[in-house]
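A.B. asks: After the structure tokens below, expect a handful of questions from me.
The values are calculated or read from the model by the stated rules, or taken from the named source; none is laboratory data. This one's a predicted model, so the numbers in the text were calculated from it and none came from an experiment. Counting neighbours? That spans all protein chains shown, and the Cβs are built from the backbone with ideal geometry, glycine included.
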């Protein structure tokens, strides 16, 4: 027997976590395996549904890591392409879930949809699963203060720089991960060297431009930090948008190494200063504020 659930699970937020808990509980009760079936790439990028503007909360590796950390035995990543998108609900349940993976129990989230006929009601999908011999369990939406927790809502919070709200809905701190690349090294000249990162997942959602207090990790070491997202208007106009992190009390060269940052809160908007000296004065204030904020936060990097 196999207890399973299906979905994209972008962000693996608290609503997803509620579904996954039922999966693990049922698997434990029935002494069988728990499996999550997810898809990659995102259907919107394949079906060209506003794909140019779409951004992800989690890369495929982050998603798998988060799901497995919740006690799920296995994550099966199904390639989503136009051929896959042409499956009917019945074909997906019968040919993939039952015949390929032996699924006997299926946990269904409140917004679960699968198959090319998206006009089907969830009740119709449950009838199809039951008709094929799959026992189904439906999970209601997960809400906080009458707001339904969803990946869309979390993306909206992040796009506005409302990191506290996003983190609350996620159940963990939102993060970015990439390799440290060469920058203009201007920060080093004023005592604030920064690590400029190139994201491993280009479609990751970036928070709104501004200055953030963050926790950072590189080579197994954890640091307090300040991250600036934006175009560095004090340096020049029309700069490329960058992600630059100043690690507090750390001055080693980490070019070429991986750097993961987790956002704690936004401290201020990015702004243009009259001079580099004024920028440095503000950065000193940002450093003091970040240290105060982070000294009250728990260090948990995933």
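A.B. asks: Can you tell me which condition residue 22 does not meet? The list is (1) outside any strand (DSSP E or B); (2) closer than 29 Å to residue 260 by Cα; (3) in contact with a strand residue (DSSP E or B) (Cβ under 7 Å, 6 or more places away or on another chain), and all the others hold.
C.D. replies: (2)
A.B. asks: Could I ask something else about it? Only residues that are in contact with a helix residue (DSSP H, G or I) (Cβ under 6 Å, 6 or more places away or on another chain) and loosely packed, with under 15 Cβ neighbours inside 10 Å: list them for region 151-210, please.
C.D. replies: 190, the sole residue that qualifies.
A.B. asks: Could you figure out which of (1) within 16 Å of residue 283 (Cα to Cα); (2) surrounded by 22 or more Cβ atoms within 10 Å (Cβ to Cβ); (3) in contact (Cβ under 8 Å) with a residue 60 or more places away in the chain isn't true of residue 266?
C.D. replies: Against the list (1) within 16 Å of residue 283 (Cα to Cα); (2) surrounded by 22 or more Cβ atoms within 10 Å (Cβ to Cβ); (3) in contact (Cβ under 8 Å) with a residue 60 or more places away in the chain, residue 266 comes up short only on (2).
Every residue, every condition in (1) more than 19 Å from the chain's Cα centre (by Cα); (2) within 12 Å of residue 179 (Cα to Cα); (3) assigned to a loop (DSSP other than H, G, I, E, B), yes or no:
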residue	(1), (2), (3)
201	no, yes, yes
208	no, no, yes
214	no, no, no
224	yes, no, no
232	yes, no, yes
235	yes, no, yes
252	yes, no, yes
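A.B. asks: Now, a different point. Considering 7, 11, which residue is surrounded by 14 or more Cβ atoms within 10 Å (Cβ to Cβ), more than 14 Å from the chain's Cα centre (by Cα) and either closer than 27 Å to residue 177 by Cβ or modelled with pLDDT of 95 or more (or both)?
C.D. replies: Of the residues listed, the single one that is surrounded by 14 or more Cβ atoms within 10 Å (Cβ to Cβ), more than 14 Å from the chain's Cα centre (by Cα) and either closer than 27 Å to residue 177 by Cβ or modelled with pLDDT of 95 or more (or both) is 7.
A.B. asks: Assess whether residue 182 counts as being under 26 Å from residue 74 (Cα atoms) and touching a residue at least 40 places away in the same chain (Cβ under 8 Å).
C.D. replies: In short, no.
A.B. asks: For residue 82, work out the one condition from (1) surrounded by 13 or more Cβ atoms within 10 Å (Cβ to Cβ); (2) touching a helix residue (DSSP H, G or I) at 6+ places or on another chain (Cβ under 7 Å); (3) more than 20 Å from residue 15 (Cβ to Cβ); (4) modelled with pLDDT under 95 it doesn't fulfil.
C.D. replies: (1)
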